[in-house]
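The values are calculated or read from the model by the stated rules, or taken from the named source; none is laboratory data. Not measured: the values here are computed from a predicted model. Positions of Cβ are generated from backbone atoms using ideal geometry, with glycine treated the same way; all protein chains shown enter the neighbour counts.
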Amino acid sequence: MEQTDIFLVDDHQLVRDGIKALLAGIPDIRIIGEANNGNELLTIIDAKHPDIILMDISLPDISGIELTRMLNRSHPEIRVLILSMYTHEDFVFNAMKAGARGYLPKNTSRQELLDAIYAIREGHEFFSESISKVILKSFLRQATQSEGSTEGSPQLLTIREQEILKLFAEGYNNKEIGHRLAISIRTVESHKNHIVKKLGLKSTVEMVKFAIKNKIVEL
């Protein structure tokens, strides 16, 4: 059984204790440390070297977004999962640009937190349903503003790839798409990689934008 080492960064002890309680008893997840600010994390990160950091955005010294950006440069192998009460699109997009691999609201369920940890551990991205809707709504406003794109054509995609692209744009994550289509998460990720390469895109966010612009998803 693969062990996943988790580090918590939140300036509220009660929140950190709550997360530890949620993850207690999960045999393949281990909390290896915690910090209540960014500088504390940076001081001990090399000694702890976690697989995943659960990061709040609002910290007393360095914002979680800036901290994510710093870690993405210095420790790209460590994956950051944002866990925040802030769900406005500016926070979500800035976190993604900084290199966060996932984003959850603080009222997330235990199961969703576990799903996010496991997905990110396997190298995937994970956004809660509510965060996916924030991303989608943002692109609804921006889709008609982008011109001169060098993206490929939807006709480059197979029927299955178009189906998966549509589901991503509708806010479903890898696990949910796999369940709906009766395929493995790994197969979903493989299709996603093919879609990105064929269309000349760089991320799930750009996939969603492409789907909206090309009317692959009905709004």
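The table that follows gives values for the structure above.
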read-out	value
Failed criterion for Val92 (all others in (1) among the β-branched types (Val, Ile, Thr); (2) in a helix (DSSP H, G or I); (3) within 18 Å of Ile6 (Cβ to Cβ) hold)	(3)
Arg16 vs. criteria surrounded by fewer than 19 Cβ atoms within 10 Å (Cβ to Cβ) and over 24 Å from Ser132 (Cα atoms)	no
Residue pairs meeting the criteria (Cβ under 9 Å; at least 6 apart or on separate chains; first in contact (Cβ under 8 Å) with a residue 24 or more places away in the chain, in region 51-69; second in a strand (DSSP E or B) and acidic (Asp, Glu))	Asp51/Asp5; Ile52/Asp5
Residue match in region 155-169 (condition: surrounded by 15 or more Cβ atoms within 10 Å (Cβ to Cβ) and not in a helix (DSSP H, G or I))	yes
Close pairs (8 angstrom Cβ cut-off, 6 or more residues apart or separate chains): aliphatic (A, V, I, L, M) in region 120-134, at pLDDT 85 or above and surrounded by fewer than 20 Cβ atoms within 10 Å (Cβ to Cβ) anywhere	Ile131/Pro105
Residue in region 34-45 that is in a loop (DSSP other than H, G, I, E, B), over 30 Å from His179 (Cα atoms) and modelled with pLDDT of 90 or more present	yes
Which numbered condition Lys137 misses (of (1) modelled with pLDDT of 85 or more; (2) surrounded by fewer than 15 Cβ atoms within 10 Å (Cβ to Cβ); (3) assigned to a helix (DSSP H, G or I); (4) in contact with a helix residue (DSSP H, G or I) (Cβ under 8 Å, 6 or more places away or on another chain))	(1)
Any chance Lys192 is part of a helix (DSSP H, G or I) and within 16 Å of the chain's Cα centre (by Cα)	yes
The one condition in (1) of a type in the set (A, V, I, L, M); (2) at pLDDT 85 or above; (3) crowded, with 17+ Cβ neighbours inside 10 Å that Met85 fails to fulfil	(3)
Single residue of region 75-94 satisfying the filter (without any contact (Cβ under 8 Å) to a residue 40 or more places away in the chain and in contact with a Leu (Cβ under 9 Å, 6 or more places away or on another chain)) that is farthest from Glu122 (Cα to Cα)	Ser84
